[in-house]
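Trainee: My questions all concern the structure below.
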Amino acid sequence: MHPALSVILFTTASGAGYGLLALLGVLGPMGLLPGDRWFGLAAFALAFLPITFGLVSSTFHLGHPERAWRAMSQWRSSWLSREGLLAVVTYIPAGLFALGWVGFEQSGGIWGWFGMTAAMLSAATVYATAMIYRSLKPIQRWCNAWVVPNYLLLGLMTGTLWLAALVGLQARPSMPLALLAIVATALAWAAKWRYWRFIDTTRSVGTAGSATGLGHLGTVCLLEAPHTGENYLMREMGFRVARKHATRLRRIAMALAFALPLLLSALAAALGGWAGAVAALIAAISASAGVLVERWLFFAEAKHAVTLYYGAESA
Amino acid sequence: MTSLPASTPAKQLGLVIDLDICVGCHACAVNCKEWNSGGHMAPLTDTAPYGADPTGVWFNRIHSFEAGEGSAGRTVHFPRSCLHCAEPDCVTVCPTGASYKRAEDGIVLVNADICIGCKLCSWACPYGAREYDHDDGVMKKCTLCVDKIYNENLEEIDRVPACVATCPAGARHFGDLGDAQSKVSRLVAERGGYDLMPEMGYRPTNKYLPPRPRQDRAGCTGAAAALAPAEDTSQATGILRWVDRMLSR
């Protein structure tokens with residue numbers, strides 16, 4: 001599948017933002033985070049900016065961005081519609097929660113309930129994002145059980161790393177947060193590892209024989225394409241550049257998204273102070289860059305059934 | 001509304017494509033382009049149509065496959081267009097309600113006025129039926145010539161999709177596949193018509209008729225198994241007899 005930059009930016013940025021927002025909504029009311037308004041301001045900015053940036057950038061690949069509001073109407077059947085609706089609805093409790101924290105330096109009581117609600121809606125939004133891909137039957141590499149855990153855990157991981165960095169920069173490095181970051185990163189790594197193992201070892205359902213229904217005659221191969229040039233289908237579904245470099249890109253993604261953040265989070269916990277804060281910040285930046293590569297691969301490695309009509313042997 | 005009709009439409013208009021007959025002339029694709037360039041989903045934009053790298057929107061694409069190995073292999077021309085599925089995910093994934101399946105006849109259409117061009121429907125279609133119009137910013141697809149098959153300004157004989165009307169070989173049939181007694185349904189039953197990629201679970205309305213068994217031996221066709229040897233010249237008379245005798249020396 002063609003990796004559209006706007007969709008990659010949206011899913012990674014909003015994943016991190018919702019991860020952070022969910023953690024604020026859960027840990028804030030429990031009193032586990034600094035309660036002052038400056039921390040709140042920085043934390044909510046760090047959550048809302050990528051979410052909003054992601055939502056806006058996701059409209060860039062639309063043919064008619066001015067009609068984007070219509071996308072919230074079909075929540076009965078469409079995961080994309082549900083995602084859009086959840087994303088917008090999340091702003092309401094999240095905004096109220098931020099108001100309590102930043103405006104009144106309160107994150108308990110009724111404000112805490114807003115936080116909890118925002119956390120649940122954040123998780124639901126990321127779940128809906130994942131389900132958009134999970135429900136596409138023509139793309140076996142998306143339509144499998146590993147996609148939803150991947151999206152949820154990667155969002156949690158990047159959110160935790162950014163929260164740990166932010167708390168660290170307040171010169172109050174937090175041991176529990178560093179541990180949470182290590183656990184989340186390890187889990188996300190395991191889920192991604194299993195996803196890659198799944199796509200490497202699972203045989204494709206579709207073949208040129210099943211796509212044409214001519215399999216009973218023997219091997220089916222494309223003799224002549226319908227057109228001499230490329231068309232929309234070949235550009236959108238038949239993207240091939242990354243598969244050539246998949247092994248190397250996976251190593252880069254694993255180093256940046258998982259290995260380095262794990263190491264740096266452990267370092268941050270061990271060092272403490274400003275050195276620890278810097279380590280936590282680098283961990284968060286590295287993870288975000290790594291998840292970008294991971295998401296690019298997620299698209300580029302996905303094979304669509306329509307390519308079977310254009311010479312692919314399996315998809 | 002992108003939810004599917006509550007009950008399966010009684011009428012399911014669709015195509016039956018005979019892979020035994022199709023000669024791969026692309027006339028159906030060309031006439032489709034011609035009709036629909038001015039039809040319901042118009043325009044079907046072409047970019048640089050006379051340039052070095054032309055590209056554009058078509059609803060019908062004709063692939064040619066080779067099936068089987070060696071001397072048993074055969075060429076099969078394979079027209080590919082929207083199958084107007086009974087359970088089309090391209091409709092249900094649409095976030096705006098632009099994609100819909102008509103309750104009255106099962107035709108799957110796009111409302112170009114509210115399509116946002118997110119392209120998700122084209123991802124959800126395993127058959128590649130939908131092509132995005134970069135110029136228009138909306139998704140386009142086969143309409144089963146909805147503006148032709150019900151058009152009372154046309155003679156009744158012309159109220160069939162453009163691809164069916166133009167096929168010079170008679171490889172395309174149009175009718176109600178929801179009615180078991182219709183001509184197309186009987187044809188499907190008789191010839192073992194099948195669904196493409198049934199494992200996807202989309203339950204396509206359009207059916208494909210398989211190529212008939214190969215007739216590669218003389219006996220299969222009713223002709224003499226072998227021709228009589230050509231060496232026997234005893235019947236020759238006149239000048240031919242003289243030529244035969246001279247050359248036989």
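The values are calculated or read from the model by the stated rules, or taken from the named source; none is laboratory data. Nothing here was measured: the structure is a model prediction, and the numbers come from that model. Here Cβ is always computed from backbone atoms with ideal geometry, including for glycine, and neighbour counts include all displayed protein chains.
Trainee: If you take the residues of segment B:165-208 that are of a type in the set (Phe, Trp, Tyr) and crowded, with 17+ Cβ neighbours inside 10 Å, which of them is nearest to the other protein chains (Cβ to nearest Cβ)?
Mentor: B:208
Trainee: Among the residues of segment B:68-93 satisfying the criterion of being surrounded by fewer than 22 Cβ atoms within 10 Å (Cβ to Cβ) and among the hydroxyl-bearing types (Ser, Thr, Tyr), which is farthest from the other protein chains (Cβ to nearest Cβ)?
Mentor: B:71
Trainee: Identify the residue in segment B:1-36 that is closer than 30 Å to residue A:71 by Cα and touching a His at 6+ places or on another chain (Cβ under 9 Å) and, among all such residues, is surrounded by the most Cβ atoms within 10 Å (Cβ to Cβ).
Mentor: B:14
Trainee: Would you mind finding the one in A:76, A:82, A:67 that is outside any helix (DSSP H, G or I) and either touching a residue at least 40 places away in the same chain (Cβ under 8 Å) or out of contact with any helix residue (DSSP H, G or I) (no Cβ under 7 Å at 6 or more places or on another chain) (or both)? Break it down into steps so the answer makes sense when it comes.
Mentor: On the way: A:82 fails: outside any helix (DSSP H, G or I); A:67 fails: outside any helix (DSSP H, G or I).
Exactly one of A:76, A:82, A:67 is outside any helix (DSSP H, G or I) and either touching a residue at least 40 places away in the same chain (Cβ under 8 Å) or out of contact with any helix residue (DSSP H, G or I) (no Cβ under 7 Å at 6 or more places or on another chain) (or both), namely A:76.
Trainee: What is the number of the single condition among (1) crowded, with 18+ Cβ neighbours inside 10 Å; (2) of a type in the set (D, E, K, R); (3) not in a loop (DSSP other than H, G, I, E, B) that residue A:137 does not meet?
Mentor: (3)
Trainee: Within segment A:115-129, can one find any residue that is in a loop (DSSP other than H, G, I, E, B) and either of a type outside the set (Val, Ile, Thr) or at pLDDT 95 or above (or both)?
Mentor: Of all residues in segment A:115-129, those in a loop (DSSP other than H, G, I, E, B) come to none.
There is no residue in segment A:115-129 that is in a loop (DSSP other than H, G, I, E, B) and either of a type outside the set (Val, Ile, Thr) or at pLDDT 95 or above (or both).
Trainee: Then there is this: Run down A:30, A:1 and say which single residue is in the same structural domain as residue A:101 (by TED's automatic domain parsing), within 19 Å of residue A:180 (Cα to Cα) and among the aliphatic types (A, V, I, L, M). Walk me through how you get there before you give the answer.
Mentor: Values: A:1 fails: within 19 Å of residue A:180 (Cα to Cα).
None of the others qualify; the one that does is A:30.
Trainee: Also, I was wondering about something else. With the structure loaded, tell me whether residue B:133 is surrounded by 15 or more Cβ atoms within 10 Å (Cβ to Cβ), farther than 20 Å from residue A:135 by Cα and modelled with pLDDT of 95 or more or whether it fails that test. Write out each step before concluding.
Mentor: Numbers: surrounded by 15 or more Cβ atoms within 10 Å (Cβ to Cβ): yes; farther than 20 Å from residue A:135 by Cα: yes; modelled with pLDDT of 95 or more: yes.
When the stated conditions are applied, residue B:133 passes them.
Trainee: Out of all the residues in segment A:212-233, which are touching a strand residue (DSSP E or B) at 6+ places or on another chain (Cβ under 9 Å) and within 25 Å of residue B:133 (Cβ to Cβ)? Spell out the reasoning first.
Mentor: Just the residues of segment A:212-233 that are touching a strand residue (DSSP E or B) at 6+ places or on another chain (Cβ under 9 Å), to begin with: A:212-227, A:229-233.
The answer is A:225, A:226, A:227, A:229, A:230, A:231, A:232, A:233.
Trainee: Quick check: anything in segment A:41-53 without any contact (Cβ under 8 Å) to a residue 40 or more places away in the chain and surrounded by 20 or more Cβ atoms within 10 Å (Cβ to Cβ)?
Mentor: Of the residues in segment A:41-53, the ones without any contact (Cβ under 8 Å) to a residue 40 or more places away in the chain are A:45, A:49-52.
Of the ones still in play, those that are also surrounded by 20 or more Cβ atoms within 10 Å (Cβ to Cβ) are A:50-51.
Within segment A:41-53 (the criterion being without any contact (Cβ under 8 Å) to a residue 40 or more places away in the chain and surrounded by 20 or more Cβ atoms within 10 Å (Cβ to Cβ)), the answer is yes, since at least one residue qualifies.
Trainee: Another one. Which residues, taken from segment A:173-226, are surrounded by fewer than 17 Cβ atoms within 10 Å (Cβ to Cβ) and assigned to a loop (DSSP other than H, G, I, E, B)?
Mentor: Within segment A:173-226, A:202, A:203, A:204, A:205, A:218, A:219 meet the criteria.
Trainee: Another question, then. Within segment B:33-55, can you find the residues that are away from every other protein chain (no Cβ under 12 Å) and part of a helix (DSSP H, G or I)?
Mentor: B:34, B:35, B:36
Trainee: In segment B:214-232, is there at least one residue being among the aliphatic types (A, V, I, L, M), modelled with pLDDT of 95 or more and either under 14 Å from the mean Cα position of the chain (by Cα) or in a loop (DSSP other than H, G, I, E, B) (or both)? It would help to see each step written out before you state the result.
Mentor: Going residue by residue through segment B:214-232, those that are among the aliphatic types (A, V, I, L, M) are B:218, B:223-228, B:230.
Of the ones still in play, those that are also modelled with pLDDT of 95 or more are none.
No - not one qualifying residue is present in segment B:214-232.
Trainee: Moving on. Hey, does segment A:5-14 have a residue that's modelled with pLDDT of 90 or more, outside the structural domain of residue A:288 (by TED's automatic domain parsing) and touching an Asp or Glu at 6+ places or on another chain (Cβ under 9 Å)?
Mentor: yes
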